[in-house]
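A quick write-up on the structure given underneath.
The values are calculated or read from the model by the stated rules, or taken from the named source; none is laboratory data. Every value quoted in this text rests on a predicted model; they were computed, and no experiment measured them. We place every Cβ from the backbone using ideal geometry, glycine too, and count neighbours over all the protein chains shown. When the accessible area is computed, the model is the full protein with side chains, heavy atoms only, and any ligands, DNA or RNA have been set aside. Shrake-Rupley method; radii C 1.70, N 1.55, O 1.52, S 1.80 Å.
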There are 6 protein chains.
Amino acid sequence: MDQSAELPISRFPVPALADMPADIRERLLAVQEKSGFIPNVFLVLAHRPDEFRAFLAYHDALMEKPGNLTKAEREMIVVATSNVNQCQYCVIAHGAILRVRAKNPLVADQVAVNYRKADITPRQKAMIDFAMKVALAAYSVGEDDFAILSDHGFDQEDMWDIAAISGFFGMSNRLANVTSMRPNEEFYTIGR
Amino acid sequence: MDQSAELPISRFPVPALADMPADIRERLLAVQEKSGFIPNVFLVLAHRPDEFRAFLAYHDALMEKPGNLTKAEREMIVVATSNVNQCQYCVIAHGAILRVRAKNPLVADQVAVNYRKADITPRQKAMIDFAMKVALAAYSVGEDDFAILSDHGFDQEDMWDIAAISGFFGMSNRLANVTSMRPNEEFYTIGR
Amino acid sequence: MDQSAELPISRFPVPALADMPADIRERLLAVQEKSGFIPNVFLVLAHRPDEFRAFLAYHDALMEKPGNLTKAEREMIVVATSNVNQCQYCVIAHGAILRVRAKNPLVADQVAVNYRKADITPRQKAMIDFAMKVALAAYSVGEDDFAILSDHGFDQEDMWDIAAISGFFGMSNRLANVTSMRPNEEFYTIGR
Amino acid sequence: MDQSAELPISRFPVPALADMPADIRERLLAVQEKSGFIPNVFLVLAHRPDEFRAFLAYHDALMEKPGNLTKAEREMIVVATSNVNQCQYCVIAHGAILRVRAKNPLVADQVAVNYRKADITPRQKAMIDFAMKVALAAYSVGEDDFAILSDHGFDQEDMWDIAAISGFFGMSNRLANVTSMRPNEEFYTIGR
Amino acid sequence: MDQSAELPISRFPVPALADMPADIRERLLAVQEKSGFIPNVFLVLAHRPDEFRAFLAYHDALMEKPGNLTKAEREMIVVATSNVNQCQYCVIAHGAILRVRAKNPLVADQVAVNYRKADITPRQKAMIDFAMKVALAAYSVGEDDFAILSDHGFDQEDMWDIAAISGFFGMSNRLANVTSMRPNEEFYTIGR
Amino acid sequence: MDQSAELPISRFPVPALADMPADIRERLLAVQEKSGFIPNVFLVLAHRPDEFRAFLAYHDALMEKPGNLTKAEREMIVVATSNVNQCQYCVIAHGAILRVRAKNPLVADQVAVNYRKADITPRQKAMIDFAMKVALAAYSVGEDDFAILSDHGFDQEDMWDIAAISGFFGMSNRLANVTSMRPNEEFYTIGR
């Protein structure tokens, strides 16, 4: 694995920590302090400080906010939609987070490949069905789709959350694919 | 048209100006002052203040930043990808902006429906080809695609810009479709 | 716009009026007399007089015949299916006609991009749902689809009309794309 | 087979010969005289006399006109595109015509299922490649596609012919599927 | 047809009968004895004796086993799914077998092009609907699909059979396409 | 994890070891002896002894045979195509085998989600490109595709191997999805 440590994490320039704006460097150091490493998405996006700040603010607004969706459920949405978008970074990194959030070492791989066969509830399958439709054919989302969510106990705010998470990570998936963003090796084993 | 003024602009709650956080209300009033009306995207997203702020910050980071892509070219990317995503709000609103930016009353409708037949340069067609691939199959973007952009004189930063604009509006398209965001009537005629 | 007046309207030869068969020239002059200009589809297809005559006869048989579908509704079918087929000429030209027929400056752009969000009736949405299925997957049209139309009050003849209009303009969309048929500038503003 | 003679040939009304306009009845009787039977497409479309006349005129303008494409080659286009459109009537009826035109009992079934593996020339495969792109993605047809045809010796008029035949039968495929048009039993064995 | 007898039946090497392992040669001679010719699939796959044996064993396990599906019904599954997979060998060879098994000269061509319009029972259409979903989107097969089969009187073992036949011939279709496996001329007329 | 041990491994009946034919039981016990557990695919397919035997024989003929493709490379094909087919069992089980064969804990997750970004050689990417085309559009595989493989040093036998592995696991993916075959928990951590 030594040589992989040398592999590029982006096909675009990646700034050194010392060259980053102070607020970004501090955020990265705080993450490193907490997690033991800096997820590559931070380093890759730091090439564009304004976009970095907006991306992180948006991410936190969706993933850290209070709400009925558990944090594990939000990560399920990320993992399932990212796999259909074939985003290596997002499936591997958010797979790790999902394992931790769900305290379940199996669920991330299950949800990534085919959530319909995963050890999740019917309510969670309905949630991902909706997120997948947003990812693949949002133009055809209609009241019938909202009604299914409602039947499973989701309210208006949950519906917005599911759609917004699917949409935001659809953007993230595209950025990660275009930059050839490389997942940190740490993610592969976290939570297994 | 009177009755359409009464049609909902979102299937989710829309806050009154008086109920918005002050920073958001001020931004909306500034837009209204400048444009003569408040684009509905501001009102619809104001339902979620944190997401509103992140969305606008991200938007401005991509659309207002300096760079080799002209503002009209950035709008071309938005209009073409939004139509293939069948996003009514984005095609109609950004079509208006494109007409203004390009000082050309025809180009927005041309680019929306089939940019390959639009009155734009081969370089611009290559730019949109790339943006469309990011929108539809970002997982398969590779060095061959970057080489075509390079042949047309785009540099690394331009490539990031094209991809990021396509990705960001892919998210925006999904939000607009899920919220049934209604385009303001003003957009239909601006710049014609 | 001066220079665009010089842009080719077809990648195939376009005959001069003086070189056309008399019946075709007369039809074109009559159109010019009535509309103030000759839509380019007439000039492009005049390259093939027999096909021109058959095309126009078919067009009129579907679009001018009596029936329960209003003329505006027939144009809605054209506009929605032409956009999914990415036919620039048909969306722009028939968008103009739709605005006139519907006496509504907004409906054409709405229907083109995403008819599901347009200011049209549920009956009209069901009509376009059917037309889109004919355009995209006619092999799977079955009695369930006819039953939905019937529930919305469409009779057998209406069903044929919807299917035939979708099919005819599917052909027209393909011809316009292959010939790079250019929309006349007049269409962009008619009915706005 | 007796019972199949009783099966409906259309899900829409089919007029009796006696009830048809004289010109249509005469055309049908002439066909019957020549071929020994009346292909069901004539009977099904006779429900709409004006469309019948336009359809036949268009058909003859494309399939009977002089030109570089042989009659067998025109039928190859019909058979290949009709199969990808899953049109039972067109594959079976035009398969019969192709066998006769090509004086080859094998070629129709080969071209229908996968023309890339058929006993046809590379030039004919290029012709069908183009016709298939017109059928499936006409919006993306561009000069590269025309150049391939040119390399195989096709001229401008041939290119129009290929596109127009693909487009016309795309319409015909949709009509046949929506009407559940039934192929005459005679077609199954002609030319084998 | 003489020259076609000389056309290759595979783009890979085809062993002479004399060079085949004895068990395979004997099986081929037995087939020739019974059918009057050796279907090319046997000769093409004989290039790989172990795969030949496994392929035939699997084929017979699915197609010769007792069960509620008639032999004709099993062939319907093969013919319909092979056409959507554009496998020339499988449609033509199994079309012949279907005509014989069903004692019906029309059904194979009907089922190949569009089984929804074929002279088969609603139960058989449901069977092919399921087989097509297995061929095209097996990941989304769920209890709703099994329930439809159950409503038509299929039991658990029938469901497995339908899925396994669709899956096995999906493999066979891929092999035939990659090897450019050529259908024997005999198949074109058997059972007509 | 205790409760997941109770979850069904198939939606079809699974025989007890004691009820299996002796040859199958012995094979399973041998696998258990060697691996420490019985992969569920063996138990699920044991419901159909003849299919079990053919499946295993085919599997071994492709995966255990000598040849230029390494065992790790064969597993790469399985993992990449199984993910695009959304087959949970195959991605998870063969991901484990790939990690072991490649002596690389990262490669399986990388190849599963987007092999174009994996730590593999250009030759291996070309191999998977071909395998993916066989999985998704085998009808269009042609000499251009074989030429690319040849440029990367693959010979005729390698080409057959790649296609056959893709085809065989395409069948396996469909069976696993239809049976809701559950991956053993052991697979998730093997080789990490």
_Out of C:Ala18, C:Ala57, sole residue that is open to solvent by 20 Å² or more (accessible area, probe 1.4 Å), within 13 Å of chain D (Cβ to nearest Cβ) and among the small types (Gly, Ala, Ser)_ = C:Ala57
*Collect the residues in segment E:144-167 that are touching a helix residue (DSSP H, G or I) at 6+ places or on another chain (Cβ under 6 Å) and in contact (Cβ under 8 Å) with a residue 40 or more places away in the chain, keeping them in residue-number order.*
E:Ile162, E:Ala164, E:Ile165, E:Ser166
*Given the conditions (1) away from every other protein chain (no Cβ under 14 Å); (2) at pLDDT below 95, which single one is not true for D:Ser4?*
(1)
*Hey, among the residues in segment F:88-111 that are of a type in the set (Gly, Ala, Ser) and more than 16 Å from A:Thr189 (Cβ to Cβ), which one's nearest to the chain's Cα centre (by Cα)?*
F:Ala93
*Considering only segment A:99-131, state which residues are in contact (Cβ under 8 Å) with a residue 40 or more places away in the chain, more than 14 Å from chain F (Cβ to nearest Cβ) and closer than 20 Å to A:Phe146 by Cβ.*
A:Gln124, A:Met127, A:Ala131
*Which one of the conditions (1) open to solvent by 20 Å² or more (accessible area, probe 1.4 Å); (2) modelled with pLDDT of 95 or more; (3) under 19 Å from the mean Cα position of the chain (by Cα) does A:Glu26 fail to meet, given that it meets all the rest?*
(3)
*Among the residues listed as E:Asp129, E:Asp161, the single one being among the acidic types (Asp, Glu), within 26 Å of F:Ala137 (Cβ to Cβ) and modelled with pLDDT of 95 or more*: E:Asp129
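Inside segment F:55-77, can you point out the residues that are part of a loop (DSSP other than H, G, I, E, B) and either under 26 Å from E:Leu62 (Cα atoms) or among the aromatic types (Phe, Trp, Tyr) (or both)? Reasoning before the result, please.
First, the residues of segment F:55-77 that are part of a loop (DSSP other than H, G, I, E, B): F:64-70.
Passing the criteria: F:Glu64, F:Lys65.
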*What do you reckon, is C:Ala135 more than 30 Å from B:Val78 (Cβ to Cβ) and of a type in the set (A, V, I, L, M)?*
no
*Number of the exception - A:Ala80 against (1) part of a helix (DSSP H, G or I); (2) open to solvent by 10 Å² or more (accessible area, probe 1.4 Å)*: (2)
*In the list E:Gly67, E:Gly36, which residue meets the criterion of being within 14 Å of chain F (Cβ to nearest Cβ) and of a type in the set (Gly, Ala, Ser)?*
E:Gly67
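Can you pull out every residue in segment A:148-174 that is in a helix (DSSP H, G or I) and among the acidic types (Asp, Glu)?
Initial filter on segment A:148-174 (in a helix (DSSP H, G or I)): A:148-151, A:156-174.
Listed by number, the residues that qualify are A:Asp151, A:Glu157, A:Asp158, A:Asp161.
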*Pick from segment B:108-131 the residues that are among the β-branched types (Val, Ile, Thr) and out of contact with any helix residue (DSSP H, G or I) (no Cβ under 6 Å at 6 or more places or on another chain): which of them is most open to solvent (accessible area, probe 1.4 Å)?*
B:Thr121
*Lone unmet requirement of (1) more than 29 Å from E:Met132 (Cβ to Cβ); (2) outside any helix (DSSP H, G or I) for C:Asn177*: (2)
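Taking the condition of being more than 20 Å from the chain's Cα centre (by Cα) and under 24 Å from C:Ile97 (Cβ atoms), how many residues in segment C:124-152 meet it? Working first, answer last.
In the first step, residues of segment C:124-152 are kept if they are more than 20 Å from the chain's Cα centre (by Cα); the result is C:139-152.
Subsequent filtering for residues that are under 24 Å from C:Ile97 (Cβ atoms) retains C:149, C:152.
Matching residues across segment C:124-152 total 2.
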*within 14 Å of another protein chain (Cβ to nearest Cβ) and assigned to a helix (DSSP H, G or I): does that describe B:Ala96?*
yes
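Is it true that some residue in segment B:96-107 is of a type in the set (Lys, Arg) and open to solvent by 30 Å² or more (accessible area, probe 1.4 Å)?
Yes, there is a match, as at least one residue in segment B:96-107 is of a type in the set (Lys, Arg) and open to solvent by 30 Å² or more (accessible area, probe 1.4 Å).
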*Just need a number here: residues in segment B:37-54 that are open to solvent by less than 20 Å² (accessible area, probe 1.4 Å), touching a residue at least 24 places away in the same chain (Cβ under 8 Å) and part of a helix (DSSP H, G or I).*
4
*asked:* Please determine whether any residue of segment B:78-93 is free of Cβ contacts under 8 Å to residues at least 24 places away in the same chain and on the phi < 0 side of the Ramachandran plot.
replied: yes
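How many residues, within segment B:15-36, are assigned to a loop (DSSP other than H, G, I, E, B) and in contact (Cβ under 8 Å) with a residue 24 or more places away in the chain? Steps first, answer last, please.
Taking segment B:15-36 as the starting set, the residues that turn out to be assigned to a loop (DSSP other than H, G, I, E, B) are B:15-16, B:20-21, B:36.
Next, only the ones that are in contact (Cβ under 8 Å) with a residue 24 or more places away in the chain stay: B:15, B:20-21, B:36.
Looking only at that region, the number is 4.
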*If you check C:Gly142 against the conditions, is it crowded, with 18+ Cβ neighbours inside 10 Å and either of a type in the set (A, V, I, L, M) or under 26 Å from D:Val14 (Cα atoms) (or both)?*
no
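Identify the residue in segment F:74-87 that is within 11 Å of the chain's Cα centre (by Cα) and either within 11 Å of chain E (Cβ to nearest Cβ) or among the charged types (D, E, K, R) (or both) and, among all such residues, is farthest from E:Ala54 (Cα to Cα). Even if it seems obvious, please write down each step before you answer.
Narrowing segment F:74-87 to residues within 11 Å of the chain's Cα centre (by Cα): F:74-83, F:87.
With the extra rule that they be either within 11 Å of chain E (Cβ to nearest Cβ) or among the charged types (D, E, K, R) (or both), the set shrinks to F:74-75, F:81-83, F:87.
Details: F:Arg74: 19, F:Glu75: 20, F:Thr81: 22, F:Ser82: 21, F:Asn83: 25, F:Cys87: 23 Å.
That would be F:Asn83.
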*Find the residue count for segment D:60-72, including only residues that are surrounded by fewer than 15 Cβ atoms within 10 Å (Cβ to Cβ) and within 28 Å of D:Leu17 (Cα to Cα).*
2
*Among the residues of segment B:149-188 satisfying the criterion of being open to solvent by 30 Å² or more (accessible area, probe 1.4 Å) and over 30 Å from A:Thr81 (Cα atoms), which is nearest to the other protein chains (Cβ to nearest Cβ)?*
B:Glu185
